[in-house]
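Some notes on the structure that comes next.
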Amino acid sequence: MSVRIDAVPSASGHDWPTVAAFVALVVAFGVVAGPLGVLAGLATALLGYVLGPPYALAAGHVALVACTPGGIDPLSFVVVEVAFLGVVLAPVHRTTSSSHVALVAVASALTLAGVMWIVVGSQSIWLAAVTLLSVLAIIAYGHHRLELVQLGLIPGSDRDPLLDDTERTTNSGNETTDGNTTNHE
């Protein structure tokens, strides 16, 4: 059985949507943090252009924290995160189901933003961080399980899930080899 996972390419792309997304990211950094932000945005864009969007996301968020040591207001944060979302969506046009990937990316970003907005508005910042990490852990585990199912790597998946426990117990000692059943009792 052949299974193809249609994912967003993580390799760097040298096409105009990627370049436009990185230019928007540099502008957003400049708006939020001034000249230091432009420098950090250029470094982030260069890193992302050479190594790919995942590296730009990681390094860019670290650079954002370094550029705004006194904190960042919510509107500025949204501006930068929309630019980061553009970086995530730029390579999507190279996939066969780009609309599905884009929909999942936007829905995930909105869901995480909504969860954080609710928690930060009513709880302390450390509880918001724990909530974010918990939500990300649940998402990562769900993604891991989805990959296992799509690749057919679920242990014991050769058994029929409709068998009841008595049939499963009765058939557990039998082994099938080339159409011949042998019993190991």
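Quick notes
- Test for GLY52: is it on the phi > 0 side of the Ramachandran plot, surrounded by 18 or more Cβ atoms within 10 Å (Cβ to Cβ) and not basic (Lys, Arg): yes
Rundown of residues vs (1) surrounded by fewer than 16 Cβ atoms within 10 Å (Cβ to Cβ); (2) modelled with pLDDT under 90; (3) within 24 Å of HIS143 (Cα to Cα), yes/no style:
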position: VAL32; (1), (2), (3): no, no, no
position: LEU46; (1), (2), (3): yes, no, no
position: CYS67; (1), (2), (3): no, no, no
position: LEU89; (1), (2), (3): no, yes, yes
position: SER98; (1), (2), (3): yes, yes, yes
position: ALA109; (1), (2), (3): no, yes, yes
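- Checked against the criterion of being in contact with a helix residue (DSSP H, G or I) (Cβ under 8 Å, 6 or more places away or on another chain), surrounded by 10 or more Cβ atoms within 10 Å (Cβ to Cβ) and at pLDDT 85 or above, the candidates ILE154, ILE139 yield just one match: ILE139.
- Flag for LEU39 being buried (at least 16 other Cβ atoms within 10 Å of the Cβ), in contact with a helix residue (DSSP H, G or I) (Cβ under 8 Å, 6 or more places away or on another chain) and assigned to a helix (DSSP H, G or I): no
The values are calculated or read from the model by the stated rules, or taken from the named source; none is laboratory data. What you see is a predicted model; the values in this text were computed from it and never measured. As a convention, Cβ positions derive from the backbone with ideal geometry for all residues, glycine included, and neighbour counts pool all protein chains shown.
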